[in-house]
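Presented below is the structure to which this report refers.
Every number here is computed from the coordinates shown, using simple stated rules; none is lab data. Note that this is a predicted model, so its numbers are computed, not measured. Using ideal geometry, Cβ is built from the backbone for each residue, glycine included, and neighbour counts are taken over all protein chains shown.
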Amino acid sequence: MNVSTIMNASPVTISVTETFGNALRLMEERRVHALPVVDAAGVYKGTFDFADIWKTLLPKAALLGMDSLTDLSFVSDAQEILREKLAGAGSRPVSEFLDRRVEPVHPDTPVKEAILLFYRLDEDIPVVERGTNRLAGIVTPWEILNALRD
Amino acid sequence: METHSSQVIFGWSAAALATVIFIAVYALVIAEKLNRAILALLGAGALILCGVLTQEAALRGVDFNTIGLLLGMMLIVNITGRSGVFQYIAIWSAKKVNAQPLGVLIMLSLVTATLSAFLDNVTTVLLIVPVTLLITEELKVEPYPFLISEVLSSNIGGTATLIGDPPNIMIGSAVGIPFNAFVNNLTPVIIVVEFATVLAFALVWKKSLVTTEEARRRVMEFNEAEAIKDHRLLKQSLSVIGVVIVSFILAHSLHLEPATIAMFGAAVLLFLDNYREDADHQTKKVHGAFAEAEWVTLIFFIGLFILVHGLESSGVIRWMAEKLMAATGGDFKITAIAILWSSAILSAFIDNIPFVATMIPMIKSMAPAFGGADALMPLWWALSLGACLGGNGTLIGASANLVVAGIADRAGHPIRFMRYMKSCFLMMIMSIIISHIYLYFRYL
């Protein structure tokens, strides 16, 4: 059993030229929490997900990696400001938000490796063709559980 | 001489080998292509492999008093930091001035200087800079002047005490100068330098630091009490820091070395933080505390001490000191002022730690010419002021500068080399002029 036998081969994707606002709308419509981002040739460029949205709302001091503030329990909340930040990000291209927290796997990757990645990171896993890096599908936790319960 | 023989390898003398290896390491450290800990270890290893020093002699050259003091204070501060007390102080001080940007700049600079006097400069800026970025983002003002002013203040504040900055730790340890002597001789001039620097900064940036009422109100709504994460740890760590500082003050009469005080303080704090935990948690917490110590700095120190010991034991340092004496004509005043200015200019461009490590044995060897070890005290103050304050001159002059530049870069506010130098080189020169006047009237 490898990931090609269980992956979702036609996932909802978004083009790298699309905007943050359109990506958010697509996630809402299709009820997915991550979108693989692809270019015109179908090559995988990264994943747009909720973490990218949270990132636009947080102060920079919380996004400094190891040196970040450890918590924000002492700051004041201003809903207006957060609203403005979210709206302000709407027209920015998704290409600005691509991070690759999960390195893509290949169709012949063992399912156990996918399970290990879920255990460690809990993010949907993109599957790309060897060599071309074209998106072949994605694996979410449900693909694995469904395959095991059939 | 601690060498195997005067001719060690390939017919080279120990002095020539020690000098070549030392200069090669120095040049590579300046080039910044390779991590400085790797370079110092390679150099120290080469000295032993080439037969300039035996392993035993090399280890005798390491000042474990400096290493212990640095490591102990790193552990204490890192554990204390987990309580959230430093965020508390930063927010509290910003609110004290009603979150007026100029007032915040002055307050955070003074807080940084004060903390740096007792804590490692890098640790201090790592604790203050993230809160500064949070406050400036909320106030919608450019963080640059705040960050730069904090960098300068951390290097200035660190100069005030024995434990504030590595050069002072090295000088104090090598010469046996007590904590109180640093406070009596350096703190007064450092207070003047800090206020002059912050004042100059405030005047330069006064006009561009404006914010809105609403933004100020949001900062005033910060609840600093929420920043305290662990009240028990807060009490424990502040008690330990208090006892450690009092012990430094009394160290001379208690016959205690600084490393004993710092390491024992760290051990007590680790004990208090861990004794209630099960074995598994203890391993994790102790591992975490040790992992956060700056091992690159500590290992760099160890390698460097060995390299300098190679120069010392092969007679190179004595030769250099004789040359320096000849250049200053054996005049004490000229020697003191020359040490102050050359330390400042050099420390602006190269790491002040290797520089001070080389200068210490050189100055020590001048004792007979100037009438004994006690007569040298003004030279030690000149070296400390020059080497510590000189680090403010450029972005690469001190570790705190580079650490802040790294964080600022990740926050999307990069600090450029030239822009930094334009705002800070003159500030550094001003601090050295103040030190010059102080040394002249008090000691020369």
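Angle of helix B:144-158 to the longest C-alpha principal axis of chain B, folded into 0 to 90 degrees and rounded to 10: 50°.
Suppose R0 equals 51 Å; then what is the FRET efficiency for residue A:134 and residue B:200 from their Cβ-Cβ distance, rounded to the nearest 0.05? Computed FRET efficiency for residue A:134 and residue B:200 comes out at 0.30.
In chain B the longest region clear of trypsin sites (Lys or Arg not before Pro) that are loop-assigned by DSSP and have at most 15 other C-beta atoms within 10 Å covers B:277-415. Seen from all directions on average, chain B presents a Cα convex hull projection of 22.3 nm².
Shown here for region B:182-273: chymotrypsin sites (Phe, Trp or Tyr not before Pro) in loop regions (DSSP other than H, G, I, E, B) with at most 10 other Cβ atoms within 10 Å, of which there are none. For chain B, the longest principal axis of the C-alpha atoms and the axis of helix B:231-254 are separated by about 40°. Fewest-first ordering of B:50, B:388 by other beta carbons within 10 Å of each residue's beta carbon gives B:50, B:388. The simple spin-label model puts a point 7 Å past each Cα toward its Cβ; for residue A:82 and residue B:208 those points are separated by 3.3 nm. Ranking B:155, B:441, B:30 by how far each Cα lies toward the positive end of the dipole of the protein assembly as shown (charges on Cβ) leaves B:441 at the top. Ellipsoid fit via the Cα gyration tensor, the protein assembly as shown: semi-axes of 50, 31, 23 Å, each the root of five times an eigenvalue, largest first. Label zone of residue B:59 (point 7 Å out along Cα→Cβ, amide N under 17 Å): in region B:282-315 this covers B:299, B:302-307, B:309-310.
Around the amide H of residue A:136, modelled in the peptide plane, lie the amide H atoms of A:127, A:128, A:129, all under 5 Å away and 5 or more residues distant in sequence or on another chain. Listed from fewest to most Cβ neighbours within 10 Å, the set A:60, A:85 follows the order A:85, A:60. Rounded to whole Å, give me the distance from the Cα center of region B:196-260 to that of region B:88-105. One Cα centre to the other: 12 Å.
Along region A:64-73 the Karplus relation, 6.51 cos²θ - 1.76 cosθ + 1.60 evaluated at θ = phi - 60°, assigns HN-Hα couplings of 9, x, 4, 9, 5, 4, 7, 7, 10, 5 Hz to successive residues, with x for each Gly and Pro.
Computed from backbone phi with θ = phi - 60° and the Karplus coefficients 6.51, -1.76 and 1.60, the 3J(HN,Hα) list for region B:44-53 is 4, x, 4, 4, 6, 5, 7, x, 5, 10 Hz; x is used for glycine and proline. Against the empirical curve 2.2 N^0.38 Å, the C-alpha radius of gyration of chain A lands at a ratio of 1.15. Comparing B:398, B:174, B:327 in a Gaussian network model of chain B (Cα springs below 10 Å), the most mobile by mean-square fluctuation is B:327.
For a paramagnetic label modelled on residue B:257 (point 7 Å from Cα along Cα→Cβ), amide N atoms under 13 Å away belong, within region B:58-78, to B:60-70. Placing pseudo-labels 7 Å out from each Cα toward the beta carbon at residue B:27 and residue B:275 gives an inter-label distance of 5.6 nm. A simple spin-label model places pseudo-atoms 7 Å from Cα toward Cβ; at residue A:101 and residue B:20 they are separated by 5.4 nm.
About the Cα centre of region A:3-149, what is the dipole size in debye to 20, counting +1 per Lys and Arg Cβ and -1 per Asp and Glu Cβ, all else neutral?
Dipole size: approximately 220 debye.
Extension gain, residue A:73 to residue A:41, is 7.0 nm, computed as 0.36 nm per intervening residue step minus the present C-alpha separation.
Sorting the Cα pairs of region B:211-370 by distance into bins of 10 Å, from 0 upward, gives 8, 20, 23, 22, 16, 9, 2 percent per bin. Here are some pairs, A:55/B:284; A:60/B:229; B:95/B:140; A:45/B:140; which of them have Cα atoms lying more than 23 Å apart in this structure? Distance filter (> 23 Å) returns A:55/B:284; A:45/B:140. Neighbour counts of other Cβ atoms within 10 Å put B:374, A:49, A:39 in the fewest-to-most order B:374, A:39, A:49. Please give the FRET efficiency for residue B:333 paired with residue B:226, using the beta carbon to beta carbon distance and R0 = 56 Å, rounded to the nearest 0.05. It comes to 0.50. In order along region B:368-377, the Karplus-derived 3J(HN,Hα) couplings, from 6.51 cos²θ - 1.76 cosθ + 1.60 at θ = phi - 60°, round to x, 5, 9, x, x, 4, 5, 5, 7, 3 Hz, and Gly and Pro are given as x. Close amide H partners of residue A:19, meaning residues 5 or more places away or on another chain with modelled amide H under 5 Å apart, are A:94.
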